[in-house]
Amino acid sequence: MSAWQESRLKWPLVPTFTPYEKIRETLNDWFADDVAGYRAAGRMDWVVTEKIHGANFSWVVREDEVRCARRKGWIAEGEDFFGHLSLVSTLGPGVREVAKYLKSKAGVRADVVIVIGEIYGGKYPHPKVAPVPDVQPVQTGVWYCPQIEFCAFDIAVIQEGETVRRYLDFDTMVEACKRGKVPYSVPLFIGNYEEASAWPLGFETTIPALFRLPSLGPTNKAEGVVLKPRKEVPGLGGVRPVLKRKIAEFAEDERYHGAEKWEGKVDRGSYGKDGRVDLLKWEATSLVNENRLFAAVSKVGRVTQGDEARCPELIQLMEEDVWSDLTSRNAAVVAALSSAERAAVEAFLKGEIRTLVELYLPE
């Protein structure tokens, strides 16, 4: 195995690993109090691409050294993250070419180049498509191909001494990926924000056709779409709004009905006159679901109930994720919790997550 394939990097990348930012759902989530930013983003051309149902994966390049990372951190030497080792020999050299092109031909100032994307595939249930031996699907629900594949959707760069990465314009990313023969997200649409945000969902995934695979039919729907500005939005100090829209089958809160909330379903008197613990328990129940569990699995890698290292990491990740949503939806309620009330909600949340783990993760 060559040095770049399993590189022990001798240089600090950044003080701590920085995960890819959470993708929001509306421009209001980015610019709730910034009318000028909202208007500037709305005037840009936007790119719509298919959202692939897989696991976040990055190639990090400095000079001739390459290191791989999942969403939450580095992939350890010898670890096989959803079969990524099968991609190292085929895509590793191309990723290095991407970095070389950006620095030599495109004139991008960068000491570190990060090619960010999704690792996906592993199963294609069609009678005329043979399975790949010893390969398991990265995710289920949408079927792309029998082998493990990678698709880039962003490229970020860091200069020596900096801790903040800068994302390249979409067209620059595409050209760099073409030069390195690295697969990238093909646009479904490029145009104004109004049309991009209205792009119809529920279409059959476009990915199998890239491998010339027979169609599984319209029920093999794309998870959704991702929207991002074609170029950096001026005047935002590097802030780059990226949005996602998912079909109902993939909504993480499909059991939560916003119009009903918790009215009539909880006992307001259980913990104080406003019933805040019952409110948060009800909403936590809606947020702890199978889709969110497998989204967390895609960040830490395959995990079993008895995995003493990854299972606690998975549970903690889900707790943090759900608390983030609970706080976003009910900021005043969460802030008003007493220590006893918060402990009650946390214990309930942990119990819900452990039940889900026991139901859906292999032993």
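Are any of the pairs K103/K178; K100/K228; K22/K72 more than 20 Å apart by Cα-Cα distance, and if so, which?
K100/K228
Starting from 0.36 nm per residue, how many nanometres of slack lie between S215 and A248 once their C-alpha separation is accounted for?
Once the chain is fully extended between S215 and A248, it gains 9.7 nm.
More than 12 angstrom separation, counting every C-alpha pair in the range 130-169; what % is that? All intermediate terms of the calculation are to be shown ahead of the outcome.
Working: 550 of 780 pairs.
More than 12 Å apart: 71 percent of the Cα pairs in the range 130-169.
Throw me the Rg/Rh for the range 86-156, computed over C-alpha atoms with Kirkwood Rh, two decimals.
Result for the range 86-156 is an Rg/Rh of 1.12.
Among rounded, prolate and oblate, which fits the range 27-249 when a ≥ b ≥ c are the square roots of the eigenvalues of its C-alpha gyration tensor, a/c under 1.5 means rounded, and a/b larger than b/c means prolate?
On the way: a/c = 1.96, a/b = 1.14, b/c = 1.72.
Note, shape of the range 27-249 comes out oblate.
Which log10 I(q)/I(0) values does the range 276-360 give at q = 0.15, 0.19 Å⁻¹ under the Debye formula, counting every alpha carbon as one identical point scatterer?
Computed log10 I(q)/I(0) values: -0.53, -0.80.
So how far, in whole Å, is the C-alpha centre of the range 144-187 from the one of the range 69-130?
9
Please arrange H126, H53, H84 by counting, for each residue, the other beta carbons lying within 10 Å of its beta carbon, fewest first.
Ascending number of Cβ neighbours within 10 Å: H126, H84, H53.
With a/c under 1.5 counting as rounded, go ahead and sort the range 126-222 into rounded, prolate or oblate using the C-alpha gyration tensor (a ≥ b ≥ c being the square roots of the eigenvalues; past the cut-off, prolate if a/b is larger than b/c, else oblate).
In terms of gyration-tensor shape, oblate.
Using the per-residue mean of other Cβ atoms lying within 10 Å as a proxy for protection, in what order, highest first, do the peptides 202-213, 89-100 fall?
Output ranking for 202-213, 89-100: 89-100, 202-213.
We did not get these values from a lab; they are worked out from the coordinates using the rules stated. This one's a predicted model, so the numbers in the text were calculated from it and none came from an experiment. Glycine also receives a Cβ, built like all others from the backbone with ideal geometry; neighbour counts cover every protein chain displayed.
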